[in-house]
1. Using alpha-carbon pairs under 8 Å, 6+ residues apart, how would you state the relative contact order of chain C in percent?
2. Please report, to one decimal in angstroms, the Kirkwood hydrodynamic radius of the stretch C:94-155 built from all distinct Cα-Cα pairs.
3. Rounded to the nearest 0.05, what FRET efficiency do residue A:295 and residue C:11 give with R0 = 60 Å and r taken as the Cβ-Cβ distance? Could you check?
4. Mark the label point 7 Å from the Cα of residue B:131 along Cα→Cβ and return the residues of the stretch B:43-76 whose backbone N is within less than 20 Å of it.
5. Springs between alpha-carbon atoms under 10 Å, Gaussian network over chain A: tell me which of A:279, A:29, A:251 tops the mean-square fluctuations.
6. Based on the alpha carbons, how large is the Rg to Rh ratio for the protein assembly as shown when Rh follows Kirkwood?
7. Going 7 Å from the Cα of residue A:158 in the Cα-to-Cβ direction, what parts of the stretch A:227-264 have a backbone nitrogen less than 16 Å from that spot?
8. Under the classification rounded if a/c is under 1.5, otherwise prolate if a/b is larger than b/c and oblate if not, where does the stretch C:47-157 fall, given a ≥ b ≥ c as square roots of the Cα gyration tensor eigenvalues?
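Read the figures in this text as sums done on the coordinates, not as results from a lab. A quick note: this is a predicted structure, and the numbers were derived from the prediction, not measured. Cβ atoms come from the backbone with ideal geometry, glycine included; neighbour counts cover every protein chain shown.
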């Protein structure tokens, strides 16, 4: 995800509200990976595609079909889930490493289609081009109205606040509700079956568990979570383009899950906030060695740091900050 | 007819580069169990080292290619001793190593960005010299050079793997590491040579890719990584010959898919998609790869 | 019909690996409510046959009937759901789960394993979970692992894992259990007790057992019938006393140099 340049500083509350919103979106996104990878052991490297599919489906339905947002958004989630099932059918019987490669290929196919089917997606320029060149398309009218209402309601209770704060409240309310829901599911016997599959598929199927069906459910449900993240992403940035959905975003999701600890739902927001601060915060570090670098170079430096964190975690603390070593499964 | 011949020629150019990169990836995958998502960055590293000596220092391209290969082989060897070996000693398995390789890819790619920036770069070669072969195929001198070097390298590697003791033990180890390690093969030596060969070929592949593309940026390796993986899986993981066939086959398929006679052909921008689609289809039919062996439960 | 005939019928089953026939036309019946032993020298194809019967390998030829129904094209989970469950020679204890969770996982009819039921009938999932926990603790007492119920299964010894797998298999409420070397690494006193429990389950519930076992003393004392495999085929089949005098069986064991096993049989 590329954040637009902000004319703010590290001290500004609206900057931190922005970091908070992005961390919330990443929390929802990574929660889906936690279900697929953390609990079920599925190495899904095409997670970002589900985000892209829901965001595009919604934007296209609103702009081209003039569907109301409250219908287009659920449709986005549904289409993402259908794609989850479609990609799962041929790939979920594959070994972990083959699954990783085929899913990343799937994600890239989605991005290529978004990039090249200008008529459908607006092409490389993004959703602003959904009505063709000359007119700028927008899909978030309904959403802004809703966000305004939330802001108004909150202001009657808490006093003045910005529209960023309203967005922050909405995103985190949804994020926490989804964490609770996921926690209910994985604490149920359903989650026990997922964990057994993660460790040993043959053991699970020898006890009568339909391993394939459970994997499919985990993939589709995780896709739905990515889809929700995709909707919020679309609302937050008011337009988006295919480059927002490159494989890097999926890898960021993995770093959050691993940083937090696998098979730990409540750790995901902690991982997302830490990641958000590292990622957004380094933009504003005004001391050496950061001051030696220009802003483009700092972007590279940030990604180098992120890569080093992933390597360091895998080498020294593969269970993450809040995970339990005894429960960690990494083949 | 001439369109078909041209597409075949282009397919051989692309395919030979994919094949060269895929050999290194499949040997590392088969022998060391590392699904190396940083392999594309090894290609980019090779290309940019060659750029540095060719353009910045003014070396001729031939010398630059050799230098880049040696430098990339050294990078591969250095990372083996500094990163992979310590991780394996700590008991890291396939998925853990795979995630590390993603971290490594991020580090390498952005170090290259940091040093050379995002501007597209070109080698100091004559790209305007184009040859008309028999009036049907037009290839630039750089394309002809690249494909000749690629096939010479493929032949050399094929001979090394087939004839030399080292090559034979590498293939044996890649096919069945448990069996090979009890049959007295020196594992440390095999590992070192695997990286020298695999990374060196990646470096070469990167330079050749830069040559045939004309211009390149640090994302070049990652862009080609998925077709390379597709070639490895089509060929069966660990099989050097399989990935050769897989690579050239994919290169041809990607180019031929755009042939007009095939219901107009697919839009050239979707060439990578053709590679992914072939990969997914192939895995449906034969989950162990076209040339791979069935797996025991 | 199906309640009187053999519970398991294997006919002319073949399974090859790269040109080598691991199971080469094996044919055998297992009588309902019996304890049958499957023996044979190493590499005779016993474990491969278990893998074929339990659906982990698909045979190239032959057919397998369980309770009169073809199961040779079915997947492992659907065979297990039909009441034919197996344990593994190299145990598959789920080491990152507790001992109790391992056993609870095996329960059938748990609505909490289905997404919709968790949402629509949370109460019934919880009720069933209480029953399952109780039954799982009972089975753990049965195999003397109740003290370790809350430990990770990864901390168990090899023998304890065998016992855990046995308890887990029983938790599925099976009609027939395939046991692959259930005594390996289990301490002898406990092993004897396990055999008694197996007999009790056979007598009380009519449960059927087919076990691969190398200890001939165990085989002779517990099983009413012995099936001998060699080189992928069944070479002898009958009561223990008869089989141990069979010349083909003695030859098979001597031929592979497993004199100790043959010596055990001659006793």
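1. Worked out over chain C, it gives 25 percent.
2. 12.2
3. 0.20
4. B:61-63, B:65
5. Of A:279, A:29, A:251, the Gaussian network model singles out A:279 as fluctuating most.
6. With Rh from the inverse mean 1/r over Cα pairs, Rg/Rh is 1.01.
7. The answer is none, because no backbone nitrogen lies closer than 16 Å to the label point.
8. It is oblate, given that a/c is not under 1.5 and a/b is not larger than b/c.
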